[in-house]
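Since the structure comes first, as structure tokens, the remarks are kept for the end.
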Amino acid sequence: MADLVATTLWTISPPVIIALDSVFGGPVDSYVNGSQVWLSNDGPNTAMLEWRLHPVSKYRTPEGLSHYDVWEAVISAISANPAAPPEFQIPLGKESRPLAELWEGLECFCAYGEDVEPNPLAQAAQSALGIEPDYFGLVDHEALGAEFERSGGAVNLVSLLIGQLRR
């Protein structure tokens with residue numbers, strides 16, 4: 001039987017990016033695959049939460065930047081243009097991309113496997129970030145990870161999460 005984990009999910013938008021930065025600051029870790037990660041003790045019963053910005057499928061770091069530089073470049077551009085339309089081209093090293101060509105969404109779940117129900121997690125995450133999640137429920141992270149590895153990163157993790165959350 002699959003080990004289901006409570007999770008919350010926001011689709012990518014400038015307000016989500018601005019909220020992440022204003023509430024948590026820069027990520028505690030940035031990965032070559034494009035993921036950005038924050039940790040906070042905002043969960044139910046002070047459970048440690050992991051906030052993971054999921055990259056687009058087949059993500060590639062913009063030319064001229066390291067994976068550590070992407071977040072700051074995005075924050076700088078979005079902060080300077082808070083009313084920019086979704087297709088706004090963010091200057092990133094030697095190229096430009098819209099936000100939706102970097103990340104697909106933000107997922108929040110208990111970092112250390114605490115057994116938390118979806119509703120209290122969604123309430124805690126909304127309280128911490130200040131934005132209501134688009135989705136919440138139970139997901140099978142093992143199945144998602146296996147599909148990501150099998151495809152060599154060519155899957156849309158946020159779509160897979162939404163598919164599991166809509167069941």
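Assorted remarks:
- Hits in region 95-106 - residues which are in contact with a Leu (Cβ under 9 Å, 6 or more places away or on another chain) and over 15 Å from His67 (Cβ atoms): Glu104, Gly105, Leu106
- Residue tally, condition acidic (Asp, Glu) and crowded, with 23+ Cβ neighbours inside 10 Å, over region 101-117: 2
- Selection of region 1-37 for residues being among the polar types (S, T, N, Q), closer than 17 Å to Ala125 by Cβ, within 11 Å of the chain's Cα centre (by Cα) and surrounded by fewer than 20 Cβ atoms within 10 Å (Cβ to Cβ) yields Thr11, Ser13.
- Where helices (runs of 4 or more DSSP H) fall wholly inside region 118-167, the ranges with 2 or more residues that are under 18 Å from Ser35 (Cα atoms) and under 15 Å from the mean Cα position of the chain (by Cα) are 141-151, 157-165.
- Only listed residue being polar (S, T, N, Q), farther than 23 Å from Arg166 by Cβ and outside any helix (DSSP H, G or I), chosen from Asn45, Asn33: Asn33
- Residues of region 55-86 that turn out to be touching a residue at least 12 places away in the same chain (Cβ under 8 Å) and among the polar types (S, T, N, Q), as a count: 3
This table checks each residue for (1) closer than 22 Å to Ile17 by Cβ; (2) touching a Cys at 6+ places or on another chain (Cβ under 7 Å); (3) touching a residue at least 60 places away in the same chain (Cβ under 8 Å).
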| site | (1), (2), (3) |
| --- | --- |
| Glu104 | yes, no, yes |
| Glu107 | yes, no, yes |
| Ala122 | yes, no, yes |
| Glu132 | yes, no, no |
| Ala146 | no, no, no |
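Readers should treat all values here as calculations from the given coordinates under stated rules, not as data from a laboratory. These numbers come from a predicted model, not from an experiment. All Cβ positions, glycine included, derive from the backbone under ideal geometry; neighbour counts span all protein chains shown.
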